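The values are calculated or read from the model by the stated rules, or taken from the named source; none is laboratory data. In this text, all values refer to a predicted model and were calculated from it rather than measured experimentally. All Cβ positions, even for glycine, are placed from backbone atoms using ideal geometry, and neighbour counts span all protein chains on display. When the accessible area is computed, the model is the full protein with side chains, heavy atoms only, and any ligands, DNA or RNA have been set aside. Shrake-Rupley method; radii C 1.70, N 1.55, O 1.52, S 1.80 Å.
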Amino acid sequence: MLSVLRKIVQEVSTAPDLASVLALIVSRIQRSMDTQVCSVFLLDEAQNRYVLMATQGLNAEAVGQVSLASTEGIVGMVAQRAEPINLEDASIHPAFHYLQITGEERFHAFLGVPIIHHRKVLGVLVVQQHEKRRFDESEEAFLVTLSAQLAGIIAHAGLSGSVAKFDDKSGASLQDRRFEGVSGSPGIAIGQVVVASLPADLDTVPDKAAKDIQREITHFNLALEAVRADIRSVASVLSQRLSSDERALFDVYLRMLDDNALAAEIIVKINAGNWAQGALREVISEHVREFSAMEDSYLRERATDIRDLGRRILSYLQEESESEPVDYPDKAILLADELTPAMLGMVPEDKLVGLVSVTGSGNSHAAILARSMGIPTIMGVVDIPYRRLEGREVVLDGYTGRVYVNPSDKLKYAFLQILNEVQAVTDELEGLRDLSAITPDGYRIPLWVNTGLAADVSRALERGAEGIGLYRTEIPFMIRDCFPSEQEQIESYRTQLEAFAPRPVTMRTLDIGGDKALPYFPINEENPFLGWRGIRVTLDHPEIFMVQVRAMLRASEGLDNLRIMLPMVTSVSEVEEAIRQIDRALAELWEEGFAVKRPPIGVMIEVPAAVYQVRRFARMVDFISVGSNDLTQYLLAVDRNNPRVANLYAPYHPAVLKALDFIVQETHKERKQVSICGEMAADPGGALLLMAMGYDVLSVNANNLPRIKFAVRGVSMFRARQLLTKVRVMDDAEEIHQLLRQALKSFGLSQLTRPSMPEDE
Ligand code: PEP
Ligand code: MG
């Protein structure tokens, strides 16, 4: 049963559009359950009716014609109850509703199960049989399991749809198609899509209209010839060591690449107008789908070979196109399956106006960097058919996380108005640069910045930052192809230290793992956020840690404004070991004659275990800094990178606020400084709460610094404390969030709340 289930799900998941998804579902279920009928009804929300969308066994002409009101028939009952209904004879059930054109009166046994995605009933899956009998428990369990697995695929296919969802039959654009994600970086952007694909990843290759068909064919033929040559050379190198059967496999590959086989199909697609990479993806995925669905295990395995050949051809095609200059649109919106920090530099900064990622969430590192660059970004738009969007015009609403494809003039106009309002607020805040962040009742709140990208330093200085509270040293490591040497690191650290001297610069030791991968040091784990991350990696690799610490110390010579901070700490022993290594590096440098001072050392509180030991840590080090992004993720057990649980990732959850309160109190008992460098400090409402809790420093991205300064200057400590007192007794994160928004308005800071959007309810 399990293998049948897997096969159906796999086959269905690669179907190109909703109609094929549903057709495959009904035919495979009917066959594997050996029933006379299998049908799918889907909810048409506009009419609030369940429409017969596919059937195997009922009259095919009824598809799309027959529908039931949401309260009508047994189908309506299954949907309303959101549970299966299994009847020996449906025709005598009081709710039975006879639909003449389907010819269903001949069927008695009925089993209907709801199709539910994210708590929402999308439709009903039905199997029927002539005889009067109850479907047995294993059949019911099979259908329920299948429906649960197919729901996501149906929802995705329904939303992303086919190209016809963007263009009507005459080719005219259908306007304002909306896709939902989560906000990655606020702001509005209107521009043209540029799809970024990952190297050698066929699935992420977009469709693009070929500019010159003949050239695409030539590129393709060259790539094909290169792969054939590779295979021949591998075959000849290995020929002595392989059996004749194994050697024959290479012949199979070469035959697949024969001009009359895959290649011919790809050329047909290029001639039809797709560029070579898109044509390759289309043909390879069709064949992979067919082979994966085969009964015979030997043939099924061939799917892997085809995918591999496709990937090889793609690598050559990508190499070829990399050497060609790319003409980016003036307002480019970069769209990627998985937006990575390295991609942020792909489009020249003066042309990049927005970012969209199919995967990831609001606190993924790509989103954090986008915020510091001030580029409107939307993450986790899981249903967007990104491969079909190259060159399309889109509007990004980075406040609510919505993307509109083919925007109408009316919608664009509405968003342009908001864009102007936002610009007016930004201009107003510019004037704060040289003023201190001081509350009306005289409390000074030092505002520092988080940096990582090269441009962050000048941006931070322009906005009047008083120090760096977090320099994410791993970012420059991520956009290279090997570890930087000690000398290279010294140079980049010196730039930061010099630019800010005498103001403090807090450098965090390498924090890789989780969603931050180094291309040249891959960490493959099932559960990377609970795995080898941050200090765990660097303590296991003293050679990496020591080089980095030595570089930091040497870079600080004569400036003495360095602070070193340790990420992802869980235990006292980690802090002891790290301090030991820092002291060893210092001793070495003193011996080598460098006049470096011992910098203040700090621990980041990002893991629940660290919260409970914070006082102990505070005794061991000079300062504490809270990484509320990770602390929220680990306290709430919600992956910060997973769009499916993005609504549960709540920095204002009472548990997080209690932990934050506790950390300040415990650290202050040891009279040590406590700062916060998570994104929560960059939200005006969050900043007011943190200020009231007693945080000594707020470290925020340069882009948000003026907003936070404006909030601090606009609200007295007295009122912020009153607000905190109210929040402390509240139980619900969303209610707290609402209260903060209202409070900002009542403090006269409505400019700092998100503007209202054209589609706000
Ligand atoms: C944090 O976790 O809050 C933090 C500042 O570190 P990062 O976002 O880089 O993990
Ligand atoms: Mg962190």
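Restricting region 495-554 to chymotrypsin sites (Phe, Trp or Tyr not before Pro) that sit in a DSSP loop and have at most 11 other Cβ atoms within 10 Å of their own Cβ leaves TYR520.
Ordering of 448-458, 243-253, 647-657 by packing is 448-458, 647-657, 243-253, highest average first (other Cβ atoms within 10 Å, averaged per residue). The alpha-carbon atoms of region 191-280, seen along their principal axes, cover 56, 26, 16 angstrom, with the largest extent given first. Trypsin sites (Lys or Arg not before Pro) within region 433-536: which are DSSP loop residues with at most 16 other Cβ atoms inside 10 Å? In loop regions of region 433-536 (DSSP not H, G, I, E or B), the sparsely surrounded trypsin sites (Lys or Arg not before Pro) are ARG433, ARG480. A DSSP coil position with no more than 16 other Cβ atoms inside 10 Å describes the following GluC sites (Glu not before Pro) in region 561-664: GLU592. With q set to 0.10, 0.20 Å⁻¹, the log10 of I(q)/I(0) for region 218-327, from the Debye formula over equal scatterers at the Cα positions, is -0.32, -1.10. Give the lysines whose C-alpha is closer than 27 Å to that of LYS410, dropping any in the same chain fewer than 8 places away, or say none. The qualifying lysines are LYS165, LYS169, LYS331, LYS351.
Residue separation times 0.36 nm, minus the C-alpha to C-alpha distance between SER458 and ARG444: what's the value? Walk me through the numbers on the way to the answer.
Details: separation 14, 0.36 × 14 = 5.04 nm, distance 2.37 nm.
Result: 2.7 nm gained on full extension.
Note on SER436 and ASN647: their simple-model spin labels are 4.5 nm apart, each label 7 Å out from Cα toward Cβ. Our summary of shape: the Cα atoms of region 303-456 have principal axis extents of 70, 39, 29 Å, ordered from largest down, in whole angstrom. Modelled this way, with points 7 Å down the Cα-to-C-beta line, the labels at SER492 and ASP258 are 5.1 nm from one another.
Across the protein chains, with a 1.4 Å probe defining accessible surface, the residues LYS410, LYS351, LYS658 rank LYS410, LYS658, LYS351 from largest area downward.
How big, on average over all directions, is the shadow cast by the Cα convex hull of region 2-167, in nm²? Write out the running numbers ahead of the final one.
On the way: hull surface 36.3 nm².
With every direction weighted equally, the projected area is 9.1 nm².
How big is the equivalent ellipsoid of region 291-388 along its three axes, where each semi-axis is √(5λ) from the Cα gyration tensor, reported in whole Å from largest to smallest?
Working: eigenvalues 218, 73, 23 Å².
Values for region 291-388, descending: 33, 19, 11 Å.
Please work out the FRET efficiency for the pair ASP245 and GLU526, using the Cβ-Cβ distance as r and a Förster radius of 41 Å; give the result to the nearest 0.05. Walk me through the intermediate numbers first.
On the way: r = 35 Å, r/R0 = 0.84.
So, using R0 = 41 Å, E works out to roughly 0.75.
The amide H of ASN701, built 1.01 Å from its N in the peptide plane, has ASN450 as neighbours under 5 Å, considering only residues 5 or more places off or on other chains.
How do the peptides 148-159, 291-302 rank, highest first, by the average count of neighbouring beta carbon atoms within 10 Å per residue? Walk me through the numbers on the way to the answer.
Values: 148-159: 19.4, 291-302: 13.1.
Going by the mean number of other Cβ atoms within 10 Å, highest first, we get 148-159, 291-302.
Using bins of 5 Å that start at zero, the share of Cα-Cα pairs per bin across region 679-761 amounts to 3, 14, 27, 26, 18, 8, 3, 1, in whole %. Extent along the principal axes, Cα only, for region 126-275: 62, 54, 37 Å, with the longest axis given first. Please work out the FRET efficiency for the pair HIS668 and SER716, using the Cβ-Cβ distance as r and a Förster radius of 22 Å; give the result to the nearest 0.05. Here the calculated transfer efficiency is 0.55.
So how do 593-602, 705-714 stack up, highest first, on mean other-Cβ count within 10 Å?
Numbers: 593-602: 16.2, 705-714: 23.0.
Peptide ranking by packing, descending: 705-714, 593-602.
Output the pairs from LYS658/LYS745; LYS709/LYS745; LYS658/LYS726; LYS208/LYS269; LYS211/LYS269; LYS669/LYS726 with a Cα-Cα distance over 20 Å in this structure; if there are none, say none. Mind showing how you got there, number by number?
Details: LYS658/LYS745 25 Å; LYS709/LYS745 16 Å; LYS658/LYS726 13 Å; LYS208/LYS269 12 Å; LYS211/LYS269 14 Å; LYS669/LYS726 25 Å.
Cα-Cα > 20 Å for LYS658/LYS745; LYS669/LYS726; rest within.
Label positions at SER571 and LEU174, each projected 7 Å from the Cα along the C-beta direction, are separated by 5.7 nm.
Compactness of the chain is given as radius of gyration and Dmax, 29.7, 95 Å, from Cα positions.
Residues whose amide H lies under 5 Å from that of LEU389, counting only those 5 or more places away or on a different chain, are ASP207; hydrogens are built 1.01 Å from N in the peptide plane. One quarter of the convex hull surface built on the alpha carbon atoms of region 175-431 amounts to 16.7 nm², the projected area averaged over directions.
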